[in-house]
1. Touching a residue at least 24 places away in the same chain (Cβ under 8 Å) and out of contact with any strand residue (DSSP E or B) (no Cβ under 9 Å at 6 or more places or on another chain): which single residue out of Gly355, Gly327 fits that description?
2. From Val199, Val206, Val240, grab the single residue that is under 23 Å from His48 (Cβ atoms) and either at pLDDT below 95 or of a type in the set (Val, Ile, Thr) (or both).
3. Is there a residue in segment 307-317 that is modelled with pLDDT of 95 or more, over 18 Å from Ala625 (Cα atoms) and more than 19 Å from the chain's Cα centre (by Cα)?
4. Scan (1) farther than 24 Å from Trp443 by Cα; (2) touching a helix residue (DSSP H, G or I) at 6+ places or on another chain (Cβ under 6 Å); (3) in contact (Cβ under 8 Å) with a residue 60 or more places away in the chain for the single condition Phe530 breaks and write down its number.
5. Please specify each residue of segment 100-110 satisfying the condition of being part of a helix (DSSP H, G or I) and open to solvent by less than 10 Å² (accessible area, probe 1.4 Å).
6. Please find, among Leu523, Leu489, Leu500, the residue that is without any contact (Cβ under 8 Å) to a residue 40 or more places away in the chain, in a helix (DSSP H, G or I), out of contact with any Asp or Glu (no Cβ under 7 Å at 6 or more places or on another chain) and more than 22 Å from Phe571 (Cβ to Cβ).
7. Restricting segment 565-603 to residues that are assigned to a loop (DSSP other than H, G, I, E, B) and in contact with a strand residue (DSSP E or B) (Cβ under 7 Å, 6 or more places away or on another chain), which is farthest from Ala551 (Cα to Cα)?
8. Could you tell me whether Val507 is under 22 Å from the mean Cα position of the chain (by Cα) and of a type outside the set (Gly, Ala, Ser)?
Amino acid sequence: METIRLTTSGAIVRYLAAQRIEVDGHTVPLFAGVFAIFGHGNVTCLGHELEQAGEALPTWRGQNEQGMALAAVAYTKANRRQRIMAATSSIGPGATNMVTAAAVAMANRMPLLLLAGDTFNSRVPDPVLQQVEHFGDPTATVNDAFRPVVRYWDRITTPAQVVHSLPNAVATMLDPGDCGPAFIGLPQDVQAEAHDYPVGFFEETVHEIRRPRPDIGELRRAAAALATAERPLIVAGGGVHWSLAEDQLRAFAEIHNIPVVETVAGRTCLVADHPLNCGPIGVTGCASANAMAAEADVVLAVGTRLGDFVTGSWTVFGGGRDLHIIGLNAARFDATKHRSLPLVADAREGLTELGAALGEFRAPEQWSDRAAAETSQYHAYIDKIAAPETVTSTGASDDDYPDDGRALPTYAQVVGVVDRAADESTYVLAAAGGFPGELVNGWRGRHVHSFDCEYGYSCMGYEISGGWGAKMALPEREVVVLVGDGSYLMMNSDLYSTVLCGHKLIVIVCDNGGYAVINRLQLAQGGVGFNNLIADARVQEATPVDFAAHARAMGCQAETVSTIAELEAAFGRARAADRTYVIALHTHPERWTEGGSFWEVGVPEVSARPQVTAARAAMDAGKAAQRVGW
């Protein structure tokens, strides 16, 4: 057997550089690069090998370990799980900074390779810099904190283990059912140790993501259930995107005349003006989608985790015990939720075979007519609240937004600016806070795969870092990031990354005075404004932030606007700019898009405030409609 002598670090880098995948008929690197922040735990060995690799495995310098790993997640989402970025940190705080990003990837079923430095395997120099000692378990390090938030976890304690560990990590990340992040801990001494590796281990490998077909019995039962439906409904989730199944979804819906609603991750599976697209479902959804769900008798859930924001904490589906849910999902875990009829399969192949099994079945025309009528009301509502004149410069407003004397623009109007200006190149991105509900409703994509709202883990701080990763993945697209002041202040340093690396974004920062959407929840459940808006926090002075000046300090072009008309003009200037362009404006902290469903949160059973006890009674009444055990 021919061998080559390499260090552990050298073997890892060479193996990653040899992995390829076919995308759109072209063979490209599976690992497009590595985000890195070096410290003593990874610079001398892994850093050295990455420098030697050069363009075979490009290295990108991060500003914050969490941020760069979030950028890696967004890169993979933009590539629809077909290409992967790795992220490497030193030991200690650098490693634990990546735990949140690992959880984002885990919740969203996204591949992400994390390579973190670790303590010395020999333990001779213990305790080393940044080591947290565990008195009763000397094998434990802070890297064990990754175990709950990754699909694959390993620590390389001898160089030979690379031959076993890396292929397993890659296989996990490419598995359509078990897909998720992989973590590999690299003790500092082991990184430097050499081993005689088989040359064949480093031969170029072209991967192909499996497309599991449905079991014949499951297919027969799913088709039989759907064929009896009078009011069938498709819930399209993110799995439609990851399977590249948008065309198959559209064809299936059209052939069988079945209305479609979309989850947050599934948004833009269908273009918004498709006659069978009823809009987003659930807590952040619209009235039309939720109305259709309430009357559906068979629900085909395609590629969705069926989280509480989709199901309205399992209240959004009507039909009682007569309702059937068919879970078409590559993951058995998701396909069987709430006693669904499982159809464990790739979304594209599952829809194709289920369509063939259904034959000429079509849902009644009155059902699709009902969908069209409901959806027209949704579009009319969004048109109304997103219009520039909804709130005028004098503070006048329509019935949807009662006048309180302020003239601040709303989130819905901000989203409306981007929605109206969008073209086929526009890719819009947001995450936690108030924007998910506003963007999911107000972004009426005219092109599939034009939307990323990280809501699997609802991670504040994803927006700007995620925008960087998305632009790396889609250099020809115009990536527009929508972010609130709270998320901006949590994580903004990758604005500098985009300037350094030439990955231009358009970033709109909406300042509504703090964590306004959580303030909304606090008030809605009987509480008082407390510690969410800056005005309600323990502060010496409510000092405003000049977000545009801050962005300019990191090399961006930036400006502050006051009105929707000014925002529209600024957006045009941003498009013409040659670097990241930040537009900041104050927005209303209390005016939100309506139309969502029930959502179960914890409300105290006992309180001195009658508003809280009333909210608890309303919560208990809402829970009475939950689907439990059937």
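The values are calculated or read from the model by the stated rules, or taken from the named source; none is laboratory data. Computed from a predicted model, the values in this text were never measured in an experiment. Here the Cβ positions follow ideal geometry from the backbone for every residue, glycine too, while neighbour counts run over all protein chains shown. Ligands, DNA and RNA are stripped out before the accessible areas are found, and what is left, the full protein with its side chains, is counted by its heavy atoms. Shrake-Rupley method; radii C 1.70, N 1.55, O 1.52, S 1.80 Å.
1. Matching residue, one of Gly355, Gly327: Gly355.
2. Result: Val199 is the single residue among Val199, Val206, Val240 that is under 23 Å from His48 (Cβ atoms) and either at pLDDT below 95 or of a type in the set (Val, Ile, Thr) (or both).
3. So far as segment 307-317 goes, no, none of its residues is modelled with pLDDT of 95 or more, over 18 Å from Ala625 (Cα atoms) and more than 19 Å from the chain's Cα centre (by Cα).
4. Here Phe530 meets the rest and fails (3).
5. Quick first cut of segment 100-110, residues part of a helix (DSSP H, G or I) only: 100-107.
The answer is Ala101, Ala102, Ala103, Val104, Ala105.
6. Numbers: Leu489 fails: without any contact (Cβ under 8 Å) to a residue 40 or more places away in the chain; Leu500 fails: without any contact (Cβ under 8 Å) to a residue 40 or more places away in the chain.
Result of the check over Leu523, Leu489, Leu500: Leu523.
7. Pro589
8. The answer is yes for Val507.
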